[in-house]
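Beneath this line is the structure, given in C-alpha cells, with notes to follow.
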Amino acid sequence: MIKAIFIIITLAIAVLLIYAATLPDTFHVARSMKMRASPERIFSNINNFHKWEAWTPYNRDPHMKTNYSGPDAGVGANYAWKGDSKVGEGSVTITESDPSNKIVISLDMIKPFRATNKVTFTLLPIGPETQVTWALEGKSPYFAKVIGLIFDCEKMTTDDFELGLSSLKNVVEKS
C-alpha cells in the first residue's frame, strides 16, 4: 500500500515537472490605467527614480538601503536597493527615455533570485486623459516555471502594478 502511494506521488510530481517544461520560455505581464494628467506630467514622475518614492508599491521595507547613481533622470539613471524578503535586492536602470511617450528600464534582481527583465512604461494620450501601461517581460527559466505552478507570480506582479498605477494616478492628478 505504501509503495503504491509512493509511486502515485512520484508520478504526479513527474507529470507536474514535465508540464512545467512545456510552459513558455518567456513571460509578459502588463496593466494599464487612465489618468487625468498630461503625458509630460506623468513622464516626469516615472523618468526620475527620486520621484518613485511617492508612488511605487515596492518600498515595503522601512529599513531598506537604497542608492541612486548616474543622472537624476533619463537614460543612465540607476536606483539600487537591498531590503528584507518582501523587496529583495536589485537595481533598475533607465535604458530608453522617449519624452512623454515611453520609458524602458532594465530590472536586475539579485535576491530572492537572479533575473534580468525589461520594464516598459508607455504613455498614450486619449483626450484629456493619458493611458499609462506598465509592462514587465523576460525569460522564464525552468525553475521559474516550476515556482509558477505553486505561486501565481503573474497575479502578484499585476496586483503590484495596479497598486502602483493607482498611487501614480493620485500623485499626478493632485495638481
Exercise. Would you mind computing, in nm to one decimal, how far apart the modelled labels at residue 26 and residue 54 are, each placed 7 Å from Cα along Cα→Cβ?
Key: 3.5
Exercise. Give a residue-ordered list of calculated ³J(HN,Hα) values for segment 112-120 (Karplus: 6.51 cos²θ - 1.76 cosθ + 1.60, θ = phi - 60°; whole Hz; x for Gly, Pro).
Key: x, 8, 7, 6, 10, 10, 10, 10, 10
Exercise. Starting with the fewest neighbours, write out 91, 85 ranked by other beta-carbon atoms found within 10 Å of each beta-carbon.
Key: 85, 91
Quiz item: Using only helices, what value at 222 nm comes out for the chain when you add -39,500 (n - 2.57) per DSSP H run of length 4 or more and divide by the total residues, to the nearest 500 deg cm²/dmol?
Solution: -11000 deg cm²/dmol
Self-check item: Whole-Hz ³J(HN,Hα) from phi, Karplus 6.51 cos²θ - 1.76 cosθ + 1.60, for segment 63-68, glycine and proline x
Solution: 9, 4, 8, 10, 8, 9
Quiz item: Over the chain, what per residue volume does the convex hull of the Cα atoms give, in whole Å³?
Solution: 132
Quiz item: For residue 5 and residue 115 in the same chain, what is the full-extension length gain: residue separation times 0.36 nm, less their Cα-Cα distance, in nm?
Solution: 35.9 nm
Quiz item: Mind checking which helices in the chain clear 24 Å along their axis (Cα) and have mean Kyte-Doolittle hydropathy of 0.0 or more, DSSP H runs only?
Solution: 2-22
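Each reported figure results from applying straightforward, stated rules to the coordinates on display, with no laboratory input. A quick note: this is a predicted structure, and the numbers were derived from the prediction, not measured. Cβ atoms come from the backbone with ideal geometry, glycine included; neighbour counts cover every protein chain shown.
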